[in-house]
Amino acid sequence: MLGRKILFSSLNRFTSGFTRRFEGNFKIEQKPEVFLDSPLTDTFGRHHTYLRISLTEKCNLRCQYCMPPDGVNLTEKSKLLTAEEVIYLAKFFVDQGVEKIRLTGGEPTTRKDLADIIYNLKQIRGLQSVTLTTNGVVLTKKLVDLQRAGLDGLNISLDTLDKKKYEKITRRKGMERVLMGIDLALQLGYNPVKINCVIMKGFNDDEVVDFVKLTQDKNLDVRFIEYMPFSGNKWEVEKMVPYKSLLSRIRSVYPDFFPLKNGPNDTSKAWKVQGFAGQVGFITSMSDMFCGTCNRLRITADGNLKACLFGNKEVSLRDAIRNGIKEDDLANMIGVAVRRKEKHHGGYENFLKIDKEALIPGIKSKRRSPFVFILRRMYSTYSKEENLTHVDGEGKAKMVDVSDKDVTSRTATARGTVQVGPEITRLIKENSIKKGDVLGVSKLAGILAAKKTSDLIPLCHNISLNGIDVTASLDENNDAVVIEATVSCVGKTGVEMEALVAVSVAALTVYDMCKSVSKSIRIKDVHLVRKTGGSKGDHGEPPLQLKSYKEVLRNKTVYVGGI
């Protein structure tokens, strides 16, 4: 299934006998010092104890706010996590401090081995609960088996109580089966049964009170989720209804609607109508973010770790474990990813300053929509007029048109350091590295790489270069190789990327030629030193500014850059 032979010595320990059996405001809370050394604690002191694992990309619905009518291109099966890999990663995260796991999708009930996965997760010592998020379409067929396997709780997605609306939003039939699944869950004793309802203006916001009525005699927790615009649903900001607007609407019918006490990591603001059996929640992802108390991580179906659901930074745990990574190294890898987690989802301060007026029809605002910042994170540059130069009108990537730019003489210089240690420094000086002349070969590699920049970097122009000068010198005092590259051209766009690529590949060549001597080589501080030419003029190397994390990280190693 994996397409190649995989050896998991530690995995076999945990998964032997894997067979089917049935038995508001942004505020960082101070975490206990014991968590500061955990790979699951980020630089803001948030300790992550809740892991969401996507089991599949498949779904038996085609919800309009979630995916296009024809679905999405699915990852080939060999690149998805196997059940054994899911259990291994779950066990590893629980050992690091995760207490709750939620299984998601796609639609997780489309996996035939779902009950097996749940059963084996429940065997992990220290894991307190295993829950499921589902659209509920096949619950009447599967829920009894899932409960016997150990399923502790479930969230059922249901956006409307109107049959025609359901078929419109999901592009499928089946609302009756979902309602029957909810009743079955109540009969089986799930307490409460959570219902997730994405509120969209002009579609189902008029049904809010009807959903509240469901909690009168049934122990349901109906959670209204604010619509989150993103590129896949065409950034329809006007569909978002702030929770305070919903609150006012409900209180106009139920004046005794009152708030309940929330837990420190709850994403839902809990409310209740006096005397009703169930309760109501508001997940205010947009109007009142709860990032300050976030304790959630996600693993995608193809094995990528996402520290933030709405972020675009991912690390492949699948590739790491399939290549036999040691558990200490896996913990370090996860720790680096978690410490890269931003303060807010989307990764920018402006997301906290949502233009409330822009969300209310009939009121115009001159302020820029905050959602453009999310899209901007996916690409590299944008113009003074706020247009994304690497994105066309449909939001697809494109190459910048430089036909209107002036032809000028342009140069760029980049520099980087390879920390090799005293032994390799001595061998390079004596030209005794078995693979040959390290400095000479690395210079050649840098020159060749500069010429291939447009093949390596997406959306980079293929430039005719006038000159490439790469130097690699041995810094004996610091046991390092210092690499510098200067690239020049006469053209309409600059050569910064060519210089940076030259330094990067030259540094990687040093690493490759010396790695048999030591695995402690470090490539450091690859950066642009200066550039000349172009409409923005010349600039030199900016001063290096460091931010202290001593109070948060104590004596931990600070990792710079990606994995």
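General observations
- Each residue of the range 504-511 was assigned a 3J(HN,Hα) from its phi angle through the Karplus expression (A = 6.51, B = -1.76, C = 1.60, θ = phi - 60°), giving 4, 5, 4, 5, 5, 5, 4, 4 Hz with x at Gly and Pro.
- Across 306/452; 100/269; 201/343; 77/452; 164/218; 239/272, pairs whose alpha-carbon gap is larger than 22 Å: 306/452; 201/343; 77/452; 164/218; 239/272
- Residue-count net charge about residue 469 - beta-carbon cut-off 11 Å; Lys, Arg +1, Asp, Glu -1: 0
- Positive contributions from Lys and Arg (+1) and negative ones from Asp and Glu (-1), summed over other residues with Cβ under 13 Å from the Cβ of residue 183, come out at 0.
- Amide H contacts of residue 480 (H built 1.01 Å from N, under 5 Å, at least 5 apart or other chain): 420, 475
No lab work stands behind these numbers, since they all come straight from the coordinates. Every value quoted in this text rests on a predicted model; they were computed, and no experiment measured them. Glycine also receives a Cβ, built like all others from the backbone with ideal geometry; neighbour counts cover every protein chain displayed.
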